[in-house]
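> Can you read through this structure? Questions will come right after.
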Amino acid sequence: MRALCWVADDELAVRQVPDPELRNERDVILRVRRSATCGADLPLLAGRDPLLTTDDVLGTEFLGEVVELGPAVRRHRVGDRVVVAASVACGGCWYCRQGRQSCCDNGSTDPASAEPGRGRRSDAGCFGRPRAAGGFAGGHAEYVRVPYADIGAFRVPDEVGDDRALFAADAAPAGWLAAELGAVRPGDVVAIWGAGAVGQLTARAATLRGAAQVIIVDRHEERLRMAERHADAEPLDYRRSDIPTELRERSGGRGPDVCVVAVDTPPSPRSVADRFGVRSADRPDALREAVHTCRKDGVVVVLGGADGFVDAFPLGTVTDKRLTLRGARRPDLREVPMLLDRMARDELRTEHLATHRLPLEHGPQGYALFRDRADGCVRAVFTP
Ligand SMILES: NC(=O)c1ccc[n+]([C@@H]2O[C@H](COP(=O)([O-])OP(=O)(O)OC[C@H]3O[C@@H](n4cnc5c(N)ncnc54)[C@H](O)[C@@H]3O)[C@@H](O)[C@H]2O)c1
Ligand SMILES: [Zn+2]
């Protein structure tokens, strides 16, 4: 089959790779209908993960049709149109039973690979990621193998189109999780750094949970406008304003109740990744701003923007202001049916995020547009 592969640093190509096969009785094989780029792919493209190898198939967010079923699959039939959660989770471990599938103990096929630089065994697996996330081939391909399919694949209601349902795989659950970790309550002021798809869907989730005011910070005019139009967020361009001052002014002098950091991860020296298998951000600007601006006793949620190690982090401010600091690398699965329901009821619309639709063969160009934020690209969506 044809698939979009990582080849080398800053080099992607559509190549011929072996067709996926059922390997486990709980697997299904999917014929992919759509797949999307994600901000979390960008560090991978630059080759900053030592566990990425040539011909790894990328693609965390995808949707397709079931074409083959393992004998133990109960919830799916051949021909079902399903969206597949980006996180790979077993459904049976202690974390999965609590609904915290993103912490699954069994989702990765190589859990020890995350240990050297991170001091932990890896969490749930993830499609289109290197070995530390299980090494599962991603959805930028004609076909994909979905392990634990009864747990991670969800039937899409007929009234929800592909370009909407696609984002129930990752961006929408990530945004929902951010609002949930922030414990956003009716009347809250919520500030979000980063107006990519994840930041925008965090804004929408905050509004749906009753936030009185949602402010979104970025420098890309089109993204800010989109967040304003589709998520009722107040745009704030960080090139034109002093963000802490502006946010305090807009929140009665106190600062936002909840601050979410959904920015991309700044580049780190390749040498650090090579030598220690870890990444380091020495300029966690957005994270620092969030900690400095959040009101006392507020919550700061980190979805992205500071991978591995971070220097110059204002830990003292976390203590002084009795902040709660929460993080998540990827979303749980339990909210996907609820999000699909909201999509079916038209409460959650996401198709505008698919700014560029391209055939899979144009995958490398799609990623270049996405990486450079060229032509207003928020997500490039590929059709095999
Ligand atoms: N935790 C999860 O569940 C989860 C899931 C998916 C993605 N992510 C992470 O969320 C982040 C956002 O994902 P995305 O796909 O929307 O990314 P994206 O790359 O499309 O967008 C990131 C945005 O952040 C903006 N930005 C960068 N620095 C900023 C700053 N200092 N202040 C304000 N804005 C700034 C950029 O201009 C860009 O618009 C990524 O780091 C990604 O890895 C987390
Ligand atoms: Zn599990």
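The values are calculated or read from the model by the stated rules, or taken from the named source; none is laboratory data. Note that the structure is a prediction, hence the values are computed from the model and not measured. With ideal geometry, Cβ positions are generated from the backbone for all residues, glycine too; neighbour counts draw on all protein chains shown. What goes into the accessible areas is simple: the full protein's heavy atoms, side chains included, and nothing from ligands, DNA or RNA. Shrake-Rupley method; radii C 1.70, N 1.55, O 1.52, S 1.80 Å.
> So which of GLY194, GLY175 ends up being within 30 Å of GLY92 (Cβ to Cβ) and assigned by TED's automatic domain parsing to the domain that holds CYS259?
After ruling out the rest, the residue left standing is GLY175.
> Considering only residues of the range 307-365 that are of a type in the set (D, E, K, R) and part of a helix (DSSP H, G or I), which is nearest to ALA141 (Cα to Cα)?
Out of the qualifying residues, it is GLU361.
> What are the pairs with Cβ atoms under 6 angstrom where one residue, in the range 210-227, is small (Gly, Ala, Ser) and the other, located anywhere, is surrounded by 24 or more Cβ atoms within 10 Å (Cβ to Cβ)? Sequence gap at least six, or different chains.
Here the result reads ALA211/VAL184; ALA211/VAL190; ALA227/ALA195; ALA227/GLN200; ALA227/ALA203; ALA227/ILE216; ALA227/ALA233, each pair linking the range 210-227 to a residue that is surrounded by 24 or more Cβ atoms within 10 Å (Cβ to Cβ).
> Which of the residues belonging to the range 332-384 are touching a Gly at 6+ places or on another chain (Cβ under 8 Å), of a type in the set (A, V, I, L, M) and over 17 Å from VAL14 (Cβ atoms)?
Of everything in the range 332-384, those that are touching a Gly at 6+ places or on another chain (Cβ under 8 Å), of a type in the set (A, V, I, L, M) and over 17 Å from VAL14 (Cβ atoms) turn out to be LEU333, VAL378.
> I need every pair where a residue in the range 57-71 that is free of Cβ contacts under 8 Å to residues at least 40 places away in the same chain has its Cβ under 8 Å from the Cβ of a residue that is part of a strand (DSSP E or B) and open to solvent by less than 10 Å² (accessible area, probe 1.4 Å), sequence separation at least 6 or different chains.
Filtered contacts from the range 57-71: GLU65/LEU30; GLU65/VAL82.
> Out of (1) in contact (Cβ under 8 Å) with a residue 40 or more places away in the chain; (2) away from ligand 1 (no atom under 15 Å from the Cβ); (3) outside any strand (DSSP E or B), the odd one out for ARG145 is which?
Of (1) in contact (Cβ under 8 Å) with a residue 40 or more places away in the chain; (2) away from ligand 1 (no atom under 15 Å from the Cβ); (3) outside any strand (DSSP E or B), only one is false for ARG145: (3).
> What strands (runs of 3 or more DSSP E) completely inside the range 164-251 contain at least 3 residues that are open to solvent by less than 10 Å² (accessible area, probe 1.4 Å) and either touching a helix residue (DSSP H, G or I) at 6+ places or on another chain (Cβ under 9 Å) or within 11 Å of ligand 1 (Cβ to nearest atom) (or both)?
So the answer is 189-193, 213-218.
> Let me ask another. Within the range 207-214, does at least one residue satisfy the condition of being charged (D, E, K, R) and more than 21 Å from VAL299 (Cα to Cα)?
no
> State which residue is surrounded by the most Cβ atoms within 10 Å (Cβ to Cβ) when the search covers only the range 312-350 and only residues that are acidic (Asp, Glu) and within 16 Å of ligand 1 (Cβ to nearest atom).
That would be ASP332.
> While we're here: What pairs can you find where one residue is in the range 351-379 and free of Cβ contacts under 8 Å to residues at least 24 places away in the same chain, the other is assigned to a helix (DSSP H, G or I) and crowded, with 16+ Cβ neighbours inside 10 Å, and their Cβ atoms are less than 7 Å apart, with a gap of 6+ or different chains?
Within 7 Å, the pairs are ASP375/LEU369; CYS377/LEU369; CYS377/PHE370.
> Inside the range 366-384, can you point out the residues that are open to solvent by 60 Å² or more (accessible area, probe 1.4 Å) and not in a helix (DSSP H, G or I)?
Hits for the range 366-384 are ASP372, PRO384.
> Hey, does the range 123-136 have a residue that's in a loop (DSSP other than H, G, I, E, B), within 15 Å of ligand 1 (Cβ to nearest atom), modelled with pLDDT under 95 and farther than 21 Å from ALA172 by Cα?
yes
> Here's a follow-up. Within the range 330-347, can you find the residues that are in contact with an Asp or Glu (Cβ under 9 Å, 6 or more places away or on another chain) and aliphatic (A, V, I, L, M)?
Listed by number, the residues that qualify are MET343, ALA344.
> Among ASP257, ASP274, which is the only one that is at pLDDT 85 or above, more than 16 Å from ligand 2 (Cβ to nearest atom) and not assigned by TED's automatic domain parsing to the domain that holds VAL378?
Going through ASP257, ASP274 in turn, just one is at pLDDT 85 or above, more than 16 Å from ligand 2 (Cβ to nearest atom) and not assigned by TED's automatic domain parsing to the domain that holds VAL378: ASP257.
> Could you count how many residues in the range 345-378 are within 13 Å of LEU166 (Cα to Cα) and of a type in the set (A, V, I, L, M, F, W, C)?
Of the residues in the range 345-378, 3 are within 13 Å of LEU166 (Cα to Cα) and of a type in the set (A, V, I, L, M, F, W, C).
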